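Trainee: Encoded as structure tokens, here's the structure I'll be asking about.
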Amino acid sequence: MFLLLSGCANLGILERSAQELEEREVVELIQYAQRVTTMTAEQQRREYAASSQAYARDMNANSRIRLALLLATPGASVYNPARAASLLEPIAAPGGAASPRNSLARLLYVLIDERLTEQKRADKSRDQIEAHKESERGLRDQLEAQKEVERGLRDQLEALKEVERSIIQRGQDSQPRRR
């Protein structure tokens, strides 16, 4: 019985040490994310190559999250939020085990997904603005063409008025004057 109780006690210690190890790994991942933001573009490309190789060798949760953090860093030379989301999706899936690592993956996934949604909205708005600008340019061109037609018609009207005045003047010149 003593052995059974000591085995259960050791199991509790192992569970706590595994939890503590995972918590430390999550802290290291957060620190990694902070380091990535301070890297130069060249350093980010080298880090991407190294992280991609590490992920190819060992497709565990930490290598997925590490690569996703690099790809999801705004302004990074290797910025690819869609790929980052696809890397996180299996870990962040609802119903997964509750753990610090999975919680971090879920948080990152939600943030990246929101960013992608906002980017799509921004792209759609930008496209609409461009379409409106193109429409405005077309309308301005039409307006200029109408103004040109109006100027031509005014010139013709003035010419007709001048002809009318000269006809009236000739008619008055040809009539005898009364005294």
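The values are calculated or read from the model by the stated rules, or taken from the named source; none is laboratory data. Note that this is a predicted model, so its numbers are computed, not measured. Here the Cβ is made from the backbone with ideal geometry for all residues, glycine too, and neighbour counts use every protein chain on show. Accessible surface areas use protein heavy atoms only, side chains included; no ligands, DNA or RNA. Shrake-Rupley method; radii C 1.70, N 1.55, O 1.52, S 1.80 Å.
Trainee: Could you grab me the full set of residues in the range 38-66 that are among the charged types (D, E, K, R) and farther than 21 Å from Ser99 by Cα?
Mentor: Glu42, Arg45, Arg46, Glu47, Arg57
Trainee: For Asn102, work out the one condition from (1) open to solvent by 50 Å² or more (accessible area, probe 1.4 Å); (2) modelled with pLDDT under 95; (3) assigned to a helix (DSSP H, G or I) it doesn't fulfil.
Mentor: The single condition Asn102 does not satisfy is (1).
Trainee: Something else: Looking at the range 149-162, which of its residues are open to solvent by less than 90 Å² (accessible area, probe 1.4 Å) and not aliphatic (A, V, I, L, M)?
Mentor: Glu150, Gly152, Lys161
Trainee: List pairs: first residue in the range 79-107 and farther than 17 Å from Ser51 by Cβ and among the acidic types (Asp, Glu), second residue open to solvent by 40 Å² or more (accessible area, probe 1.4 Å) and not in a loop (DSSP other than H, G, I, E, B) anywhere in the structure, Cβ distance under 9 angstrom, at least six positions apart or on different chains.
Mentor: Glu89/Tyr109
Trainee: Still on this model: Could you tell me whether Ser125 is at pLDDT 95 or above, over 30 Å from Glu22 (Cβ atoms) and in a helix (DSSP H, G or I)?
Mentor: Taking the combined requirement at face value, the residue satisfies it.
Trainee: Please list, ordered by first then second residue, the pairs with beta carbon atoms under 6 Å, 6 or more apart or interchain, first in the range 114-138 and closer than 24 Å to Asn80 by Cα, second open to solvent by 90 Å² or more (accessible area, probe 1.4 Å).
Mentor: Cβ pairs passing all conditions: none.
Trainee: Collect the residues in the range 65-78 that are among the β-branched types (Val, Ile, Thr) and within 14 Å of Ala54 (Cα to Cα), keeping them in residue-number order.
Mentor: Within the range 65-78, Ile65 is the sole residue that qualifies.
Trainee: Answer with yes or no whether Ala76 is among the small types (Gly, Ala, Ser), closer than 26 Å to Gln43 by Cα and in contact (Cβ under 8 Å) with a residue 12 or more places away in the chain.
Mentor: Spelling it out, Ala76 is indeed among the small types (Gly, Ala, Ser), closer than 26 Å to Gln43 by Cα and in contact (Cβ under 8 Å) with a residue 12 or more places away in the chain.
Trainee: Residue under question is Ala76, and the condition is that it be among the hydrophobic types (A, V, I, L, M, F, W, C) and either in contact with a Pro (Cβ under 7 Å, 6 or more places away or on another chain) or in a helix (DSSP H, G or I) (or both); does it hold?
Mentor: Criteria not met by Ala76.
Trainee: Shifting gears a bit: With Gln146, Gln169, Gln142, Gln119 as the choices, which residue is over 30 Å from Arg24 (Cα atoms), surrounded by 10 or more Cβ atoms within 10 Å (Cβ to Cβ) and within 24 Å of the chain's Cα centre (by Cα)?
Mentor: Numbers: Gln146 fails: within 24 Å of the chain's Cα centre (by Cα); Gln169 fails: within 24 Å of the chain's Cα centre (by Cα); Gln142 fails: within 24 Å of the chain's Cα centre (by Cα).
Checking each option against the conditions leaves just Gln119.
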